[in-house]
Amino acid sequence: MDRDRDSRPGSQRVSSADLIDLDRRLLWRPYTGNEEHATVSPLLVERAEGPFIYVQGGRRIFDANASWWCSNLGHRHPRLIAALRRQTEHLVHCAFAGMTHEPAVRLAEELLEVAPAGLARVFFSDNGSTSVEVALKMAIQYFRQNGEPARYRCVTLPGAFHGDTFGAMGVSDLEEFSGIFEPVCVSAFRPEPPQAERSAQETAWPRPHQWGDVVDQVELIMDRHSDEVAAVIVEPLIQGAAGMRVWPEEELRRLREITAKRNVFLIADEVFTGLGRTGAMWACSRAGITPDMLCTAKGLSGGMLPFSATLTTQRVFDGFSGGRERALMHGHTFFGNPLGAAVAREVLSIYREEGVLESLPPKMNAIRTAFERFSRFEGTNHPRSCGMMGAVDLGTGGYHGRLGWEVYQEALKLGALLRPLGDTVYLCPSLTISLEELSELIDIVDEALNRVLTSRV
Ligand SMILES: *Cc1c(COP(=O)(O)O)cnc(C)c1O
């Protein structure tokens, strides 16, 4: 039998080459330049299992970034598949206004049980960007309808990424992602990145010791615009898309204090950091704080379905008391989808019953020591790690640098999908990867770095 052809009954026999060709002619994929689309073949994925992706011809490669940071329990976790199947036998979808269902209600209860203390209300949506839109709307509308209508601006941090929709772009700070839309975004207040480190030689981002200055500036902005600021939004402890910038817990705690003192909401975008990435269930719990809004998506549905939530306090909910004219006006068709809710419930029960977080310390340790070791390669900068994430910068190229992509090519030959953020090479595997698999993956990263960086000198 031709291994390259799909021989399942009912499926048309289309070869891999034909599929790639059709993709080239018909599709438009995210974050992909047309030149790349026309000339570089995408990996044709046939299946995925645990920490692995199997590409065309059955070749097994490590999914080193858990498929864009969401497959925290590995691909096709049997319990998630079973939960999805079970739910399909009862209810696959219904609207979520004027109706409710058990998976959503029970999920809300179970989510609040593991959420930072003080969060008391759950608003479901269907992707990370939208969970951020919802948090922004909650914050802004709260003040607009409670006597402080001029408070509709947000403060964001240098290097922030909160999603690709317009509200989320407005509170993001990455030129590469949203710069082109700046004229039509409601832009947020943002502190200047620290001047001292701004040299042409290196991408400018605050090093951990400079976050104190960043937070000082946030405080200044809040005081200068005290009747305008509704919220400060952060990616707690790790700024993902900016290049896996790790920042200190004490500065997150200080942000909590200074926002609370001024009655400004703190929005924690835990779309990436939540569900165990930093070693705790939430980055906020790791730092011991409760935000006013917490956004969660990605790992919430174990990388299986689009599903997300915005958690908030009773106080915020009470700011919407009254008739329909004071309701939160946001509701996409698939909000609170029962399949997503059922899978998310199973995700939480896997964390509870399979000791997912408890299994992390030796793996976190392996990642930390590996990235410390990588600093032995000439041309590596700022090795860092936080929980189940390790990163290192190569050269000076930032997001449009090419060295990261050279490492990507070498790693791919060696059996790992190590998609970089420009010149930032990072590991963010599923949390359920075994220690043995993880050390195999680390060896691949080591060898890929070795090949690229050794050949440079
Ligand atoms: C991925 C991400 C988002 C956007 O989530 P989508 O589901 O891709 O819309 C928002 N915030 C952070 C911190 C993210 O990492």
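The values are calculated or read from the model by the stated rules, or taken from the named source; none is laboratory data. All of these numbers come straight from a predicted model, not from anything done at the bench. Glycine also receives a Cβ, built like all others from the backbone with ideal geometry; neighbour counts cover every protein chain displayed. Calculation scope for accessible area: heavy atoms of the full protein, side chains included, ligands and nucleic acids excluded. Shrake-Rupley method; radii C 1.70, N 1.55, O 1.52, S 1.80 Å.
Odds and ends about this structure:
- Odd one out for R384, checked against (1) under 22 Å from D63 (Cβ atoms); (2) part of a helix (DSSP H, G or I): (2)
- A single member of F143, F166, F96 is of a type in the set (A, V, I, L, M, F, W, C) and within 16 Å of the ligand (Cβ to nearest atom), and it is F166.
- Residue in the range 414-453 that is nearest to the chain's Cα centre (by Cα), counting only those that are closer than 15 Å to R60 by Cβ, of a type in the set (G, A, S) and in a loop (DSSP other than H, G, I, E, B): S430
- Scanning the range 19-49 for residues that are within 15 Å of G303 (Cβ to Cβ), in contact (Cβ under 8 Å) with a residue 24 or more places away in the chain and either out of contact with any strand residue (DSSP E or B) (no Cβ under 9 Å at 6 or more places or on another chain) or of a type outside the set (D, E, K, R) (or both) yields a count of 1.
- Meets criteria (at pLDDT 95 or above, away from the ligand (no atom under 16 Å from the Cβ) and in contact with a strand residue (DSSP E or B) (Cβ under 9 Å, 6 or more places away or on another chain)) for I350: no
- Some residue of the range 286-294 being of a type outside the set (A, V, I, L, M) and open to solvent by less than 10 Å² (accessible area, probe 1.4 Å): yes
- Every pair of residues 6+ apart whose Cβ atoms lie under 8 Å, when the first sits in the range 252-273 and is of a type outside the set (S, T, Y) while the second is open to solvent by 40 Å² or more (accessible area, probe 1.4 Å) and within 15 Å of the ligand (Cβ to nearest atom): V271/K298; F272/K298
- All of A283, A341, A309 fail the test of being of a type in the set (A, V, I, L, M), under 24 Å from P78 (Cβ atoms) and surrounded by 22 or more Cβ atoms within 10 Å (Cβ to Cβ), apart from A341.
- Residue count, the range 382-417 (criterion: at pLDDT 95 or above and among the β-branched types (V, I, T)): 2
- Complete set of residues in the range 352-380 that are open to solvent by 20 Å² or more (accessible area, probe 1.4 Å), part of a helix (DSSP H, G or I) and basic (K, R): R352, R368, R373
- Look at the range 340-359: where a residue is of a type in the set (G, A, S) and a partner is surrounded by 22 or more Cβ atoms within 10 Å (Cβ to Cβ) and part of a loop (DSSP other than H, G, I, E, B), sitting 6+ places away or on another chain with Cβ atoms under 6 Å, you get G340/F307; A344/F307.
- Yes/no for L43 being within 23 Å of the chain's Cα centre (by Cα), of a type in the set (A, V, I, L, M, F, W, C) and farther than 22 Å from N127 by Cα: yes
- Within the range 422-431, being surrounded by 22 or more Cβ atoms within 10 Å (Cβ to Cβ) and either of a type in the set (V, I, T) or within 20 Å of V407 (Cβ to Cβ) (or both) holds for D423, T424, V425, Y426, L427, C428, P429.
- Leading residue by the ranking (least open to solvent (accessible area, probe 1.4 Å)) among those in the range 165-179 that are touching a helix residue (DSSP H, G or I) at 6+ places or on another chain (Cβ under 7 Å) and at pLDDT below 90: S178
- Put simply, of M293, M329, M364 the only residue that is in contact with a strand residue (DSSP E or B) (Cβ under 9 Å, 6 or more places away or on another chain) and more than 21 Å from S71 (Cα to Cα) is M293.
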